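A quick write-up on the structure given underneath.
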Amino acid sequence: MTAMSKLERVIASVPDVLSFVKDVYGASVEYPTGTWKTVEEHVKDQMADIQENRKLPDSKKFGVFIGKFLYVQIRSETAEKAMEYISSNFASPDELAATDADLLATKLRQLGYRFPDKAFTLVEISKILRDKFNSKVDDYIRFAKRNYREDPILEVRGVGFKTRDIALSAFTAEYSLVDVHIANVLSRTGLILKAYLYGLKLTTDRSDENNYFEMTKLLSKLSKEANMMPFEFDQTLWFFGKDYCSPMNCDKCPVKKCVTRSFKDSVE
Ligand code: SF4
């Protein structure tokens, strides 16, 4: 096989986005531990959570929003306990902003939460909500939508774009949260090659901030192709990538077109 025909084969193996979503939606994955559902059901649950969170009263909304900053790892039992403590004890940014960060860190440590520096982060974010957004999470969400990069919460130690976007995604499906599972699915299937069609400049450096923006732009473009919201498409990739997509599973995978499997078939 010539080098050109290999390239042609790779390009021909890139799935179109709508077919990819259709194929992936039926895959059964486990999340949270012990709960088996199809990717479609998991994604629908996430979208329903957003709708429910939007309807919460301000005090509950604050608990959900601030609690998301505790998820250094997206799911962990100790983060759940810490989140529960914060939402039951602090009903507003004013209350949390007035708390001593060291005392809060001690409490979080007692709950088994391994990242006590987060106490400082939560208190600082609460001060910003109190001082700049009249303690209203909704006001902040509206502001962040118009000021993606110029957001005072991004100046708080320990808060990056992804952490901030996780918190915003509890209330809106307009953000995508690029992580290793999502990057793996995009690379393995070949969907990442569409970045070149869109003129995006991706690098292999996952710690590069500009690369993160280019990846979020790619997810936004792909989600439009799939007629989905960015978070909806993001979660489709995430649930599929976290527990299913692996070169070990290619033989039983429902995705009909995939660069990795095509390449494996060509060398076997
Ligand atoms: S499991 Fe294999 S065939 Fe399925 S999407 Fe992942 S790499 Fe491709």
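Things to note:
- Just one of (1) over 25 Å from Leu129 (Cα atoms); (2) in the same structural domain as Lys55 (by TED's automatic domain parsing); (3) of a type in the set (Asp, Glu) fails for Glu150. It is (1).
- Test: residue in region 184-197 that is in contact with an Asp or Glu (Cβ under 8 Å, 6 or more places away or on another chain), among the hydroxyl-bearing types (Ser, Thr, Tyr) and either at pLDDT below 95 or part of a loop (DSSP other than H, G, I, E, B) (or both): no
- Scan of region 240-268 for residues that are among the hydrophobic types (A, V, I, L, M, F, W, C), closer than 20 Å to Val10 by Cβ and modelled with pLDDT of 90 or more, ordered by number: Cys245, Cys250, Cys253, Val255, Cys258, Val259
- Cβ separations smaller than 8 Å between residues 6+ apart or across chains give the following pairs from region 184-207 residues that are farther than 19 Å from Asp16 by Cβ and polar (S, T, N, Q) to residues that are within 16 Å of the ligand (Cβ to nearest atom) and not in a loop (DSSP other than H, G, I, E, B): Asn184/Gly241.
- Set side by side, the residues Phe115, Phe120 differ, and just one is under 20 Å from Lys81 (Cα atoms), touching a residue at least 24 places away in the same chain (Cβ under 8 Å) and either in a helix (DSSP H, G or I) or not assigned by TED's automatic domain parsing to the domain that holds Tyr85 (or both), which is Phe120.
- Restricting Thr216, Thr260 to residues that are in contact (Cβ under 8 Å) with a residue 12 or more places away in the chain and within 16 Å of the ligand (Cβ to nearest atom) narrows the list to Thr260.
- Residue check: Lys217 meets all listed conditions (1) surrounded by fewer than 20 Cβ atoms within 10 Å (Cβ to Cβ); (2) not in a helix (DSSP H, G or I) but one, namely (2).
- Candidates Phe90, Phe62, filtered to the one that is buried (at least 16 other Cβ atoms within 10 Å of the Cβ) and without any contact (Cβ under 8 Å) to a residue 40 or more places away in the chain: Phe90
- The conditions of being over 15 Å from the mean Cα position of the chain (by Cα), touching a residue at least 24 places away in the same chain (Cβ under 8 Å) and either farther than 16 Å from His181 by Cβ or away from the ligand (no atom under 16 Å from the Cβ) (or both) are not met by Glu232.
The values are calculated or read from the model by the stated rules, or taken from the named source; none is laboratory data. Note that the structure is a prediction, hence the values are computed from the model and not measured. No Cβ is skipped: glycine too gets one built from the backbone with ideal geometry, and neighbour counts run over all protein chains shown.
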